[in-house]
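Reviewing the structure listed below.
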Amino acid sequence: MVCEGKNKSYLKSQNLKIIGRSNLRGKVKISGAKNSALVLLAASLLTNEKITLDNVPLLTDVEKMSNILKNLGVKLQIKNHQLIIDSTNISIKELPYELVNGFRASFFCIGALLARFGQASIPLPGGCNIGKRPINEHINGLKALGAEIIIEKEIVKAKLVENKNRLLGANIRLNCPSVGATETLIMAASLAEGRTVIENAAREPEIQDLCQMLNKMGAKIYDSGKEKIIIDGVQKLHGCSHKVIPDRIEAGTFLIAAAATSSSITVSPVIPNHLEAVLNKLEESGSKITKKGNSISIKSNNIKAVDITTAPFPGFPTDLQAPFMALMSIAKGRSKVTETIFENRMNHVELLNQMGSSITVKNNIAQINGVKELSGMTLVGSDLRSSAALIIAALISKKTSHIYGLEHLDRGYENFELKLSKLGVEIIRETKRKIISEKSYENSKINNKKLSEIKVA
Ligand code: EPZ
């Protein structure tokens with residue numbers, strides 16, 4: 001697992017050297033879901049008993065969340081992909097800024113800490129380069145459950161209202177189906193007194209995975225899988241063992257990479273109905289998809305242009321918008337990609353155009369004219385999913401590419417280059433003999449912003 005901190009500049013000197021015109025073949029093993037593992041780690045704060053998590057992906061984001069829990073006094077043992085979490089003796093204290101800066105998932109701890117200890121202090125997660133990432137839905141929902149919240153010097157301080165020793169169940173209607181806010185409120189409500197109903201809740205599979213683990217811990221959550229989630233609070237939650245679901249976004253990224261290189265591969269394990277919207281669009285654009293148990297196979301040739309619009313689950317996931325745009329950049333015909341979830345999730349367009357794509361963007365709608373080929377070059381990814389899109393573009397391109405910005409990629413894709421090389425891609429992670437100077441790295445520009453100013457998603 002790649003560490004943070006001192007290794008950060010080390011990571012900046014790393015790039016993936018990719019020989020273009022790749023063809024993928026064979027089977028790729030999908031890791032546990034990043035966006036499930038992170039919230040399950042936060043949920044482990046709800047009990048003073050041991051939680052054993054299996055199929056945990058080895059990612060820098062998981063390492064960051066583990067460091068946050070350790071800072072609170074949680075004991076963690078990691079063995080391969082198993083994490084044993086012991087939150088028996090944790091102390092409530094403010095999380096240090098350097099641990100949470102630019103790491104949005106840290107905010108998921110607020111609901112669990114408030115529910116278990118009646119108070120929590122978490123630095124504002126702040127925006128990133130895909131959007132402002134507000135937390136109003138989290139705050140309003142926690143207040144409805146009986147929390148008093150003030151924000152002082154960028155710290156969100158939450159506590160129970162006077163003379164109350166537990167949160168109180170409430171009816172909450174989210175204005176937007178926020179994944180994080182739904183997760184925060186489910187965790188807070190699981191130990192509240194009485195019933196909580198969350199309307200217009202997000203329905204992502206990672207939320208269903210959270211509900212399954214909490215119910216194993218003794219929670220009473222009726223997750224209809226619809227927009228309404230009912231939670232009857234209990235006094236205490238106990239330990240359990242739980243296996244993280246497969247990462248649908250990683251699986252989708254590999255399927256899109258296969259379509260972009262006219263390849264045939266199989267991804268497994270995966271839960272096919274977690275990717276319905278993506279599979280439909282891959283079939284509509286000409287790929288042949290076969291689902292068999294927990295495997296999905298794809299066979300692709302002559303991809304044609306199709307339009308996509310991102311939407312909350314079960315719609316087309318925003319996290320696969322950038323990789324799919326790389327596919328559309330060489331599809332036959334004109335396509336339109338509409339991003340409805342985040343206000344600034346088109347950082348990859350400028351870079352794809354530098355490689356020879358023909359894409360224009362206006363008001364979060366990208367118009368794409370498919371081109372015959374792309375040309376490899378040296379690029380710097382600026383967020384997790386944009387970096388994946390650039391790698392897909394590099395696989396398609398003639399000539400060789402060097403993709404920097406691996407500190408973003410390693411947040412969400414475990415052993416990405418190893419998995420690609422097992423599929424037959426000529427790809428290696430190069431470390432420049434000398435660490436490229438911070439200056440030259442930071443002077444690289446994306447959308448005329450210095451890299452140093454760009455936070456990660
Ligand atoms: C989660 O982020 C994921 N991250 C994101 O994955 C994913 O893109 C996103 O859900 C949408 O599916 C994790 O699970 C760690 P949201 P989250 O709250 O919870 C607005 C990746 O690449 N909003 O559902 O932060 C917000 O501005 C990452 O793996 C409010 O207005 O996303 C956005 O427009 C990137 N107020 C929309 O909702 C709020 O209080 C969706 O955000 C919260 C959100």
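General observations
- Matching residues, region 46-85, being crowded, with 22+ Cβ neighbours inside 10 Å and more than 16 Å from the ligand (Cβ to nearest atom): Leu46, Thr47, Ile51, Leu83, Ile85
- Residue pairs meeting the criteria (Cβ under 6 Å; at least 6 apart or on separate chains; first near the ligand (Cβ under 7 Å from one of its atoms) and of a type in the set (S, T, N, Q), in region 307-323; second part of a strand (DSSP E or B) and modelled with pLDDT of 95 or more): Thr318/Thr310
- Within region 152-184, the set of residues being open to solvent by 90 Å² or more (accessible area, probe 1.4 Å), under 19 Å from Asn101 (Cβ atoms) and not acidic (Asp, Glu) comprises just one member, Lys153.
- Every residue from region 297-317 that is within 21 Å of the chain's Cα centre (by Cα) and surrounded by 19 or more Cβ atoms within 10 Å (Cβ to Cβ): Ile308, Thr310, Pro312, Phe313, Phe316, Pro317
- Qualifying helices (runs of 4 or more DSSP H) (wholly inside region 354-457; at least 2 residues being at pLDDT 90 or above, touching a helix residue (DSSP H, G or I) at 6+ places or on another chain (Cβ under 9 Å) and more than 24 Å from Ile308 (Cβ to Cβ)): 406-412, 416-422
- Only one of the numbered conditions (1) assigned to a strand (DSSP E or B); (2) open to solvent by less than 30 Å² (accessible area, probe 1.4 Å); (3) touching a Cys at 6+ places or on another chain (Cβ under 9 Å) is not met by Tyr222, and that is (2).
- Once region 356-375 is narrowed to residues that are open to solvent by less than 10 Å² (accessible area, probe 1.4 Å) and touching a Ser or Thr at 6+ places or on another chain (Cβ under 6 Å), the residue that is farthest from Ser329 (Cα to Cα) is Leu374.
- Of all residues in region 97-114 being open to solvent by 20 Å² or more (accessible area, probe 1.4 Å) and within 17 Å of Ala181 (Cα to Cα), the one that is nearest to the ligand (Cβ to nearest atom): Arg104
- A search for C-beta distances below 7 Å between a residue of region 391-420 that is in contact (Cβ under 8 Å) with a residue 40 or more places away in the chain and buried (at least 24 other Cβ atoms within 10 Å of the Cβ) and any residue that is in a helix (DSSP H, G or I) and among the basic types (Lys, Arg), counting only pairs 6+ apart in sequence or on different chains, returns Gly412/Lys34.
The values are calculated or read from the model by the stated rules, or taken from the named source; none is laboratory data. On a predicted model such as this, the values are computed, not experimentally measured, just so you know. Because the Cβ atoms are built from the backbone with ideal geometry, glycine has one as well, and the counts that use them run over all protein chains shown. Each accessible area value is taken on the protein alone, full model and side chains, heavy atoms only, with ligands, DNA and RNA left out. Shrake-Rupley method; radii C 1.70, N 1.55, O 1.52, S 1.80 Å.
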